[in-house]
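Worksheet: the structure to be examined is printed underneath.
The values are calculated or read from the model by the stated rules, or taken from the named source; none is laboratory data. What you see is a predicted model, and the numbers here were worked out from it, not measured in a lab. Methodologically, a virtual Cβ is constructed for each residue, glycine included, from the backbone with ideal geometry; neighbour enumeration extends over all protein chains shown.
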2 protein chains.
Amino acid sequence: MDIMKEDKIRLTLPDGSIKEFEKGSTGRDVAESISKGLARNALSVTLDDEILDMDRELPHSGAFKINTWDTDDGKYTFWHSSAHLMAEAVQELYPDVKFGIGPPIDQGFYYDMDFGDEKLTLEDLEKIENKMIELARQKNEYKRIEVPKKEAIDYFENKGDPYKLDLLEGLEDGEITFYEQGKFTDLCRGPHIPSTDKIKAVKLMNIAGAYWHGDENNKQLTRVYGITFPKKSMLDDYLHMLDEAKRRDHKKLGKQLGIYLIDSMVGQGLPIWLPNGTILRRELEAFMRAEQKRRGYQEVITPHIGNIRLYETSGHYPYYSHSQFTPMDVDDEKYMLKPMNCPHHHRIYASEMHSYRDLPVRLAEFGSVYRYEQSGELNGLSRVRGFTQDDAHIYCTQDQLKQEIKNCIDLTEYVFGIFDMPVDIRLSFRDENEDKYGGKTEYWERAQREIREVADEVGMDYTIEEGEASFYGPKIDFIIKDALGRKWQLGTVQVDYVMPERFDLTYVGSDNQKHRPVIIHRAPFGSMERFTSILIEHFAGDFPLWLSPIQVSILPLSDDYNDLADNYADQLKNEDIRVNLDKRSEQIGAKIRDAETQKIPYMLIIGEKEKANGTVAVRKHKKGNLGSFNFSDFISNLVKEVTSKKLPD
Amino acid sequence: MDIMKEDKIRLTLPDGSIKEFEKGSTGRDVAESISKGLARNALSVTLDDEILDMDRELPHSGAFKINTWDTDDGKYTFWHSSAHLMAEAVQELYPDVKFGIGPPIDQGFYYDMDFGDEKLTLEDLEKIENKMIELARQKNEYKRIEVPKKEAIDYFENKGDPYKLDLLEGLEDGEITFYEQGKFTDLCRGPHIPSTDKIKAVKLMNIAGAYWHGDENNKQLTRVYGITFPKKSMLDDYLHMLDEAKRRDHKKLGKQLGIYLIDSMVGQGLPIWLPNGTILRRELEAFMRAEQKRRGYQEVITPHIGNIRLYETSGHYPYYSHSQFTPMDVDDEKYMLKPMNCPHHHRIYASEMHSYRDLPVRLAEFGSVYRYEQSGELNGLSRVRGFTQDDAHIYCTQDQLKQEIKNCIDLTEYVFGIFDMPVDIRLSFRDENEDKYGGKTEYWERAQREIREVADEVGMDYTIEEGEASFYGPKIDFIIKDALGRKWQLGTVQVDYVMPERFDLTYVGSDNQKHRPVIIHRAPFGSMERFTSILIEHFAGDFPLWLSPIQVSILPLSDDYNDLADNYADQLKNEDIRVNLDKRSEQIGAKIRDAETQKIPYMLIIGEKEKANGTVAVRKHKKGNLGSFNFSDFISNLVKEVTSKKLPD
């Protein structure tokens, strides 16, 4: 029941405060009531789930935020308007062009355009960029115009724009709007930024072909990708980040450092871990295994296939069969490559009686799973058809749930802390108005409350996404930030009320009755493959010592020092240090260059002086000479650096 | 060309010496010419590949051996004759019985018999055993009689034995023999021992149903299994060994100790490694990984599926598809669960250029493979559909082959030495008269010569089996003996000249030309699953400390000592000791019993005296009290015992 007078609207601001405004107020009015500066920087506003132009009347009460460049909604608006600006520039330069669609995307925007017989080249892009800057400086307003359908059709028939006419066919009279800036008018739902002068820097990135409506029976249009920024320096930073990302590309470094191999004869999307990659992965596994052991997990190993009954019971077959490999016939039954480890673990839990005293049971597995992905989606180690999860399932009582979730968050934070990767969390809760969820409402409410309490207690930044829970329980997603500031969703902690029912899992409580445990599904790295791809790019291949496939390269100055080099190599190996011994009869400069290319953290140069003094000349990757060290001091420092999992300087 | 006179035969004895005998001589003549004792103990002789009665004329020259009880051929003859003795006893007791077939088997013999409406029970077996002993004491000769087919048919028509008549249908006139002892005559090809009195001890083991000709449309006969010995004490030892084997059965202990689980919903023949089993397996893997690292292997990890082109190239598909899981459709190609790791490793080798300076390349993987087995063949961990090989492939030059084989043998001996398992080797060579082998003859001859040289140099017992090589190269099989004296074929070292061709593997030699490497396939444990089943039975679950899933159980005498117990548990965990802390409010006797059942090597009892003195009362599994120890001394002894991989006393 709304008790407000009808001539007011009530806005709930992000800090939870509620403000009343006259009906007819715009986003700009609200922004100005807060601060002039904010109003100046505002790009759009969001009311409930809808983004609106700054100057549009706010249609109703609701949750309200002002979108500056620093927000996702702000960037979305900015890039949407930039697509229109590009269209205007193109129209000026190529008057016969026809326009398809031009949406904002994750990083920038694109527009699909029909240049007729003309072929756009990368050289043409600069011309368009310059025109965009020129038009932006005109400070043209983005004007929203509501247009009757008939009038809209007339306009585009007149203009001769068949794609817009095609789009208009799907729209109903009364919901059609145009946006106009400078000499360009587009069929568009909006919203847009106030005016073009906010766009200060432009880069058109790429040209691609795109079928109209994505249908290859239709004409192929020219798609131009671009990105824009409200400051020139931001574009410079962005381009630098792209260069860095390219330099750090895990596909390039993965090959150069011998981490992995994709071989078409073995299969697309099926990475082979090469010797150096295997060392890296085994170190990550050992690290996680030790942490899990310390935290009361028990490791298990389950087969890579399972009877299809497992997945029929869990409900993953046939509902998810599009992302699964086809079943195999065995005797008169069907088996599947396992797409997840859960049912196997549930059957382990079910193989024994459990008392409440035994809970929580925490079963962990480095479990390799296989899921079908379209071949076009496959990408190095980051998108594959076979991957290994650092998986675990925790079977606990409802009373233990909060502490177990806290433990999971603690483990995840600890793990990513080791790599200096900040972690944010996103809490995915149920939509109270939906009916699709399994498990009792009271349990959900308690679990969601407890998840939130835990998030508060551990003091992590979090957002809550209602309606994003899975059907079997609420979950926490971990979003980590890499050295380039890119965000990656990795680990997850999911509460599950449904599988205990489906697999008939029980424990005997202190009341001597059978009860259902709750299950937590969790995987901090998520996938060893994907995490490794991120790790390669995060460190640009300059791994911390404990992860470096080769930790030390010994470079004797000539054959005269080979015996000493052998001796040193043996001493290092005895301390479990991974050593390369470069006895080639190359110049020392060439040996150093090769070790640098292989990103080996330490180089030990051994010559006459070192032989005489029992020292080594130590060179550090990317840093150069560190000077002369007593060999045994060097070893003990090295062992300390490995044990401490110290990050590279 | 045979230069002998026609009235002589020439026999090559096992020591390589050659002896001439008059034509018409029998095995007994030869044995007696060597020693009266030998002739007395001889059960049969083997001429080339044929086993013959002692008193049969030797038909031609050839390789000759005398078969006593200590030989496989001797036991084969003994048990064959024992089957006839059982038949005689049954005929005496059940005059209407009809006889099917009665062969010797691996351990003893059986006879399939038709008792009409009568149903034999286990109680009847003792009666038959007694009758057999009574008949054996009659010292009846086994007489060989050549019988024309017509006469043979008449005999069994007369006797009314339809199964023998059925067998006779398949035989040709001139090749039919009867054997007769006492009052029993059988259609039989032989050979047999000289007389029944050699059979001193009899045990009939079991009764089963068996369809005539194994066809379920035929009548079901009664199969009686038995075993016999030339000495009473041998039977006692055998029955004791069976009891021990039963006590040690890995399926029973595997469950009791939480090693593994077979769950029908996951799949038959697909073992799940439970937490304790996973600890055991990870210890074995870590041990093997460390040894391999020390010996210059590089570890890799490859996917569990592969494009079918891999197996078409290797030739394993479609030729071995009966033992493979059915292919899966992926896009427009077929993929298979990998039945072996080889093609994946070959592709890793092929992904880079190799110089002779880089060889040998040794790629190791704990590779899980899947092979289809009939469900009736599956057995615990020892016969499964999915298993993990401690696999490796060594790519080397022909000149490096000998040293690499030696290294493989050395590793295998070292590994089994750790478990106190003696190793014999069997060299499987090509049959010179066959044409089915791949690779150049000169390479084969060199490889076989070198394998033999290595076997001599390392001083291992070996036998040579000609014609047992695989088509791609000669191989060495390792046969280990467990604590019960049972032999198991485990590891293998195979030389391969064929796959380098099929996968077009090369290296650039010092002549700057491309050459083919040789491949060695090797796996010391063979399969982690099967080896674990043997290990469980070898140690009867009383594993050496380093392999024990739980190494120490701390048993506080009451709650008053729980804090101290916690403190001790933490100290042990810090030293990577696997600890169980039994804080239940049970009597100490019950806690000890449970720890004994779980076969935990050490129990630490903590009470008032221990608390006051900083000591622990140590109890050892199966040994009882060891007395009082200073806790830190106990820890350092324990760590030493783990590190040394010491066997249980």
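Observations on the structure shown:
- Note on the range A:493-520: among residues that are of a type in the set (D, E, K, R) and assigned to a loop (DSSP other than H, G, I, E, B), the one that is surrounded by the most Cβ atoms within 10 Å (Cβ to Cβ) is A:516.
- Condition broken by residue A:224, with the remaining ones in (1) within 14 Å of chain B (Cβ to nearest Cβ); (2) more than 23 Å from residue A:486 (Cα to Cα); (3) under 25 Å from the mean Cα position of the chain (by Cα) satisfied: (1)
- Selected residue (only one of A:426, A:430, A:385 is of a type in the set (Lys, Arg), in contact (Cβ under 8 Å) with a residue 12 or more places away in the chain, surrounded by 17 or more Cβ atoms within 10 Å (Cβ to Cβ) and within 14 Å of another protein chain (Cβ to nearest Cβ)): A:385
- The lone exception for residue B:321 - which of (1) free of Cβ contacts under 8 Å to residues at least 60 places away in the same chain; (2) within 10 Å of another protein chain (Cβ to nearest Cβ); (3) small (Gly, Ala, Ser) it fails: (2)
- Residue check for residue A:294: facing chain B (nearest Cβ under 7 Å) and not hydrophobic (A, V, I, L, M, F, W, C): no
- Pair list, Cβ < 8 Å and 6+ apart or interchain, from the range A:209-220 residues that are modelled with pLDDT of 95 or more to residues that are among the β-branched types (Val, Ile, Thr) and in a helix (DSSP H, G or I): none
- Of all the numbered requirements in (1) under 22 Å from the mean Cα position of the chain (by Cα); (2) loosely packed, with under 15 Cβ neighbours inside 10 Å, residue A:481 misses one, and that requirement is (2).
- If you check B:585, B:558, B:553 for being in contact (Cβ under 8 Å) with a residue 24 or more places away in the chain, of a type in the set (S, T, N, Q) and crowded, with 22+ Cβ neighbours inside 10 Å, only one passes: B:553.
- Test: residue in the range A:471-487 that is hydroxyl-bearing (Ser, Thr, Tyr) and out of contact with any Gly (no Cβ under 9 Å at 6 or more places or on another chain): no
- Annotation note: Cβ proximity below 6 Å between a residue of the range A:170-190 that is over 16 Å from residue A:99 (Cα atoms) and a residue that is of a type in the set (A, V, I, L, M) (sequence gap 6+ or interchain) occurs for A:176/A:147; A:176/A:152; A:182/A:135.
- Test: residue in the range B:529-547 that is free of Cβ contacts under 8 Å to residues at least 40 places away in the same chain and out of contact with any Lys or Arg (no Cβ under 6 Å at 6 or more places or on another chain): no
- Looking only at residues of the range A:46-96 that are of a type in the set (Val, Ile, Thr) and either at pLDDT below 95 or part of a strand (DSSP E or B) (or both), we find that the one that is surrounded by the fewest Cβ atoms within 10 Å (Cβ to Cβ) is A:71.
- Verdict on residue B:300 being more than 8 Å from chain A (Cβ to nearest Cβ), buried (at least 22 other Cβ atoms within 10 Å of the Cβ), in contact with a Leu (Cβ under 7 Å, 6 or more places away or on another chain) and not aromatic (Phe, Trp, Tyr): no
- Counted residues, the range A:549-600 - those being assigned to a loop (DSSP other than H, G, I, E, B) and more than 39 Å from the chain's Cα centre (by Cα): 8
- Residue B:360 meets each of the listed conditions (1) away from every other protein chain (no Cβ under 13 Å); (2) out of contact with any Cys (no Cβ under 8 Å at 6 or more places or on another chain) apart from (2).
- Some residue of the range B:239-254 being modelled with pLDDT of 95 or more, within 13 Å of chain A (Cβ to nearest Cβ), part of a loop (DSSP other than H, G, I, E, B) and on the phi < 0 side of the Ramachandran plot: no
- Subset of the range B:395-421 [away from every other protein chain (no Cβ under 14 Å) and either assigned to a strand (DSSP E or B) or of a type in the set (Asp, Glu) (or both)]: B:396, B:399, B:404, B:410, B:413, B:420
- Among the residues making up the range A:325-344, those that are more than 9 Å from every other protein chain (Cβ to nearest Cβ), more than 18 Å from residue B:336 (Cβ to Cβ) and touching a residue at least 24 places away in the same chain (Cβ under 8 Å) are A:340, A:341, A:342.
- Taken together, the criteria place residue B:490 among residues that are in a strand (DSSP E or B), of a type in the set (A, V, I, L, M), within 22 Å of the chain's Cα centre (by Cα) and more than 28 Å from residue B:354 (Cα to Cα).
- Any hit, the range A:588-599, residues being surrounded by 14 or more Cβ atoms within 10 Å (Cβ to Cβ), at pLDDT 95 or above and closer than 20 Å to residue A:643 by Cβ: no
- For residue A:545, the conditions (1) surrounded by fewer than 20 Cβ atoms within 10 Å (Cβ to Cβ); (2) out of contact with any strand residue (DSSP E or B) (no Cβ under 6 Å at 6 or more places or on another chain) all hold with the exception of (1).
- Residue within the range A:422-437 that is aromatic (Phe, Trp, Tyr), more than 17 Å from the chain's Cα centre (by Cα) and part of a strand (DSSP E or B) present: yes
- Restricting attention to the range A:438-459 and to residues that are in contact with a Phe, Trp or Tyr (Cβ under 9 Å, 6 or more places away or on another chain) and not in a helix (DSSP H, G or I), the residue that is surrounded by the fewest Cβ atoms within 10 Å (Cβ to Cβ) turns out to be A:440.
- Restricting attention to the range B:262-289, the residues being within 10 Å of chain A (Cβ to nearest Cβ), hydrophobic (A, V, I, L, M, F, W, C) and part of a helix (DSSP H, G or I) number 2.
- Residue tally, condition part of a strand (DSSP E or B) and of a type in the set (Asp, Glu), over the range B:174-218: 2
- Filtering A:281, A:248 for residues that are touching a helix residue (DSSP H, G or I) at 6+ places or on another chain (Cβ under 6 Å), more than 20 Å from residue A:366 (Cα to Cα) and touching a residue at least 12 places away in the same chain (Cβ under 8 Å) leaves a single hit, A:248.
- Screening B:352, B:365, B:373, B:333 for residues that are surrounded by fewer than 21 Cβ atoms within 10 Å (Cβ to Cβ) and more than 22 Å from residue B:318 (Cβ to Cβ) leaves exactly one candidate, B:352.
- Whichever residue in the range B:363-382 is among the charged types (D, E, K, R) and away from chain A (no Cβ under 11 Å) and, among such residues, is nearest to residue A:255 (Cα to Cα): B:371
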